[in-house]
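The values are calculated or read from the model by the stated rules, or taken from the named source; none is laboratory data. All values reported here derive from a predicted model rather than from experimental measurement. Reconstructed Cβ throughout: ideal geometry from the backbone, glycine too, with neighbour counts over all protein chains shown. For accessibility, only protein heavy atoms count, side chains too; no ligands or nucleic acids. Shrake-Rupley method; radii C 1.70, N 1.55, O 1.52, S 1.80 Å.
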Amino acid sequence: MVYWLPIYTFLGGFLLRSDYTTAKFIRKTRFLKRGEQMNNKLAETTFVLSRVEDLNPSERESVNGLTAETKEGLVVTEFKPGSFVKIRKFIPTNNLFTAMVDEQLNAGDRENISKGIKSSLQF
Amino acid sequence: MTTCDVDNHEIEQVTHNIHNCKTDIYIPCITTYDSFLGKPNKFSFSSQVFFEFASLHKSKGIELKNRKDPVKVYRTSPIQEVLRNIVETEYKTNKNNRISDAVSLVFSATDPPVFHSIMSPELSIFEKAIVLKEYCGNLANIIVISNHEKIGEVIKKAEIESHNSLPQDIQIMNTDEWLEKNWQQNNDLIRMAINIMKKKSLQEVQFGNIIIKFTTEPPQK
């Protein structure tokens, strides 16, 4: 009987492993489905503005392009949709928050925004 | 106006935020957002300066909760809904995230709406101005910023809806007037305006009676 033990262990391990694989597969397909659903929803990015002088040392370190000597300017923290990852960007005082908005929009986007706003006006 | 849903806690937050010091509360109309985010019009430059100014004070407000911030910019709930609808429609039809990001950035420069209402985006600014004035009294200067062509008609309608005349101390001005009025007193505005001109390679801008020109000639005495 003892001779059969390694074989039982091997078979048991194999079954467990396949179970695990199946579970992983099911989980993966579930996530895929959820991912597809997410794709059809609006993925919203969140931005938070703060001033350089208000950041603590560890926050300062995580900002690209910000040196220890920098005392003025804005930092935009961007929270990507579906992620806890924060991206911090430095906007020097000679740069502008509104320029970031300008970079996002082309003429067609602006046209669509104006059209949407006009249709909401009552006067 | 009966359609307004005022949460006492939210109002308490507003009054707490003004820190018992004299505060300017700006309530931009949807037309101000249009001048900044929509097709360029005659108010685009001053609207850009206005939102730049809002972002500067918002960034102070978030990080420095204990510091007295003399400026607050609130957006109203119907404006938020209008812009969100545009974002969602654009995403559904064109899978375009650019408008969503731009709107999200503009929202980051303003404070969230203090209370909800189902009034039209134009009327709701007056509704909120009246309520905020009532709660904040002399501690807050309420300034409605609107680039609406028919602002007179909107005010009349708001007065009919509220069965009341608009309090005299609520100021209503467009972004050009706002910039012209504050130009001399505020160095931040001068810095922002010049930076925007440089960024956009603008040689000349005009708002109200003020013309700013980039020139190599010495100023005339």
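List of remarks:
- Some residue of the stretch B:155-163 being open to solvent by less than 10 Å² (accessible area, probe 1.4 Å), part of a helix (DSSP H, G or I) and farther than 29 Å from A:Asp109 by Cβ: yes
- Test: B:Glu217 is charged (D, E, K, R) and either modelled with pLDDT of 85 or more or closer than 29 Å to A:Met100 by Cβ (or both): no
- Candidate set: the stretch B:109-129, residues that are over 13 Å from the mean Cα position of the chain (by Cα) and among the hydroxyl-bearing types (Ser, Thr, Tyr); chosen: the one nearest to B:Ile172 (Cα to Cα): B:Ser124
- Residues that are open to solvent by 20 Å² or more (accessible area, probe 1.4 Å), farther than 23 Å from B:Lys181 by Cα and touching a residue at least 60 places away in the same chain (Cβ under 8 Å) within the stretch B:132-148 comprise just one, B:Tyr135.
- Checked against the criterion of being over 25 Å from B:Phe36 (Cα atoms) and within 14 Å of chain A (Cβ to nearest Cβ), the stretch B:160-170 has at least one qualifying residue.
- Residues that are of a type in the set (A, V, I, L, M) and surrounded by fewer than 24 Cβ atoms within 10 Å (Cβ to Cβ) were ranked within the stretch B:22-64; the one that is modelled with the highest pLDDT is B:Leu56.
- Cβ-Cβ contacts under 9 Å between residues 6 or more apart (or on different chains), taken from a first residue in the stretch B:65-78 that is modelled with pLDDT under 75 to a second residue that is among the β-branched types (Val, Ile, Thr), are listed as B:Lys68/B:Ile18; B:Lys68/B:Thr23; B:Asp69/B:Ile18; B:Asp69/B:Thr23.
- Residue list for the stretch B:97-113, filter: more than 7 Å from chain A (Cβ to nearest Cβ), part of a loop (DSSP other than H, G, I, E, B) and out of contact with any strand residue (DSSP E or B) (no Cβ under 6 Å at 6 or more places or on another chain): B:Pro112, B:Pro113
- Lone unmet requirement of (1) surrounded by 13 or more Cβ atoms within 10 Å (Cβ to Cβ); (2) assigned to a helix (DSSP H, G or I); (3) of a type in the set (A, V, I, L, M, F, W, C) for B:Ile172: (2)
- Unmet requirement for B:Ile151, which otherwise passes all of (1) modelled with pLDDT of 90 or more; (2) touching a Gly at 6+ places or on another chain (Cβ under 9 Å): (2)
- Members of the stretch B:88-100 that are at pLDDT 90 or above, touching a helix residue (DSSP H, G or I) at 6+ places or on another chain (Cβ under 8 Å) and not β-branched (Val, Ile, Thr): B:Glu90, B:Tyr91, B:Arg98, B:Ser100
- Filtered residues of the stretch A:94-123 (kept if open to solvent by 50 Å² or more (accessible area, probe 1.4 Å) and either facing chain B (nearest Cβ under 7 Å) or closer than 18 Å to B:Phe107 by Cβ (or both)): A:Asn94, A:Glu103, A:Glu111, A:Gln122, A:Phe123
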